[in-house]
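Notes follow once the structure below has been shown.
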Amino acid sequence: MEKHIVLLPGDGIGPEVTKAAKNVLEAIADRYQHSFTFESHDIGGTAIDQHGTPLPDDTVKAAKKADAVFLGAVGGPKWDKLPGHLRPEKGLLGIRKQLGLFANLRPVKAFQQLLHASPLKEEVVKESDLLIVRELTGGLYFGQPSERRNDGKEVVDTLAYERREIERIVDQAFQSARVRKKRVTSVDKANVLESSRMWREVVEEKKAEYPDVTVEHMLVDAAAMKLVTNPAYFDVLVTENMFGDILSDEASVLTGSLGMLPSASLNEKGVGLYEPVHGSAPDIAGQDKANPLASILSVAMMLKHSFGMEEEAEQVETAVQEVLGEGYHTQDIHLFKGKQVSGSELAAKVVDQIRASDTTENIMRCYV
Ligand code: NAD
């Protein structure tokens, strides 16, 4: 299969983890005789430095033509003092909006090999396997610019949704639940927010279309607590943009590190942007310390969701499991008897696993 992938490395550790993602894609292309071509573009702070804007037109044009997009991370202290419309994060929010990426899928699964790396008790973490479905192009992060203001005495952000925006993300959650454990928890703040009350109404209407899926409502504060006291309780959580952002960072403690959480952002045509959940980590940028596994697992999501390559996706996940099983990890993960390596070394171990699986199978084929 031929696929064209646009890479947006961005800032901080973004270029390091993007390189890891590309190496894994190349290993998969060789292993399965696919042809993947790549094109890199600027976004975020790097784009501000090079082009005076966090989201150059060329980046948007290339992303719109690609079969899939991979993004590293944006942001950093260098650009923190710029005015709001020029901040690196505007590049990220802009590309999501331009590509219509309304559905952000954030799977959180505790790897057996890392159970004792979590600050939570092993017995709490061990059965965790949940999917956060976060609305990505509306809500508090996309309030009307005309209503957003800060005159020094008063500050206003708005949280707005059209009913159809809630309907499509709720549909996505029900559909995701159908291929999982068939349970949806809709997370809101309906005791306070008008938007959450409409969210609940939509979920109640939609559930008739998915009689095979059970659904419940939970307030976001209760959900935040349950995520760390009984994470195994959850299957699919669906929620507003900012609630989803916060809950998924919280859920990263189940996996042992923020550097383990992948994500996919999809539009209505199934075109996707794939990125690690973490940010640009300026504190470790340029030191080869960044954990590449969130990015590598995001590649697995790309193979599955955008290219329909289930076996290839599984191969990437298996390679990650095997490398962790051998005890390799980066400095963000604390293992009793682990072998700490650099980010590039860890990525190379995953690539070696993928390529070795090829060799093993080829040898087997020779003997048959
Ligand atoms: P962050 O996710 O960058 O880092 C939080 C902590 O986790 C840091 O200690 C960092 O070293 C560690 N960490 C993150 N990713 C890691 C990895 N792969 N391996 C090892 N350790 C890792 O969040 P932050 O410090 O709050 O934000 C830094 C910058 O990133 C800010 O400018 C913020 O706006 C931006 N940001 C960008 C995105 C994105 O691009 N999607 C998301 C969140 C934050």
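The values are calculated or read from the model by the stated rules, or taken from the named source; none is laboratory data. Because the structure is a prediction, the values reported are computed rather than measured. So basically every Cβ, Gly included, is an ideal-geometry build from the backbone, and we count neighbours across all protein chains shown. Note: areas computed on protein heavy atoms with side chains; ligands, DNA, RNA excluded. Shrake-Rupley method; radii C 1.70, N 1.55, O 1.52, S 1.80 Å.
How many percent of DSSP beta bridges within the chain run antiparallel, rounded to 5? Bridges in the chain are about 40 percent antiparallel. Normalised by the number of residues in region 129-253, the mean separation of alpha-carbon contacts (under 8 Å, six or more apart) gives a relative contact order of 39 percent. Descending by average beta-carbon neighbour count within 10 Å, the peptides 344-351, 18-25, 75-82 line up as 18-25, 344-351, 75-82, the highest first. Annotation: amide H-H contacts under 5 Å for THR158 (H modelled 1.01 Å from N, sequence separation of 5 or more, or interchain): GLY143, GLN144.
Here region 129-253 is assigned +1 on the Cβ of each Lys and Arg and -1 on the Cβ of each Asp and Glu. Its dipole about the Cα centre then comes out at about 300 debye.
For an R0 of 22 angstrom, estimate the FRET efficiency from the Cβ-Cβ distance between LEU193 and ARG148 and round to the nearest 0.05.
Details: r = 18 Å, r/R0 = 0.80.
With a Förster radius of 22 Å, E is 0.80.
Dividing the C-alpha radius of gyration of region 112-260 by 2.2 N^0.38 Å, with N its residue count, gives 1.13.
Grab the other residues whose beta carbon is less than 9 angstrom from that of ASP188, score K and R as +1, D and E as -1, and report the net. Mind dumping the intermediate values first?
Working: positive: LYS189, ARG197, ARG200; negative: GLU240.
Result for the local shell: +2.
Projecting the Cα atoms of HIS51, GLY286, GLN112 onto the dipole axis of the chain, where Lys and Arg carry +1 and Asp and Glu carry -1 at the beta carbon, places HIS51 farthest toward the positive end.
Please list log₁₀ I(q)/I(0) at q = 0.13 Å⁻¹ for the chain, using the Debye equation with identical point scatterers on the alpha-carbon positions. Computed log10 I(q)/I(0) values: -1.08. The residue among VAL213, VAL17, ALA264 whose Cα reaches farthest toward the positive pole of the charge dipole of the chain, with charges on the beta-carbon of Lys, Arg, Asp and Glu, is VAL213. How many nm is it between the label spots at GLU314 and ILE246, if each spot is 7 Å from the Cα in line with the beta carbon? The answer from the label model is 3.9 nm. Both radii were evaluated on the Cα set of region 44-119; the Rg over Rh quotient, with Rh as the Kirkwood radius, amounts to 1.11.
Once C-alpha pairs closer than 8 Å and six or more residues apart are averaged by separation and normalised to the residue number of the chain, the relative contact order reads 21 percent.
Taking the accessible area of the chain, probe 1.4 Å, and keeping the other protein chains in place, the carbon and sulfur fraction comes to 51%. At q = 0.10, 0.15, 0.18, 0.19 Å⁻¹ the log10 of I(q)/I(0) for region 196-279 amounts to -0.31, -0.70, -0.98, -1.07, computed by Debye summation with a single uniform scatterer per C-alpha, solvent ignored. Of the GluC sites (Glu not before Pro) found in region 98-144, those in coil by DSSP whose Cβ has at most 16 other Cβ atoms within 10 Å are GLU127. Around the amide H of SER40, modelled in the peptide plane, lie the amide H atoms of LEU7, all under 5 Å away and 5 or more residues distant in sequence or on another chain. The charge dipole of the chain, taken about the Cα centre with unit charges on the Cβ atoms of Lys, Arg (+1) and Asp, Glu (-1), comes to about 160 debye, rounded to the nearest 20. Per residue, the chain exposes 45 Å² of accessible surface when a 1.4 Å probe is rolled over the protein heavy atoms with every protein chain present. Label HIS51 and TYR32 with points 7 Å out from Cα along Cα→Cβ: what is the distance between them in nm? Reported label-point gap for HIS51 and TYR32 is 3.0 nm.
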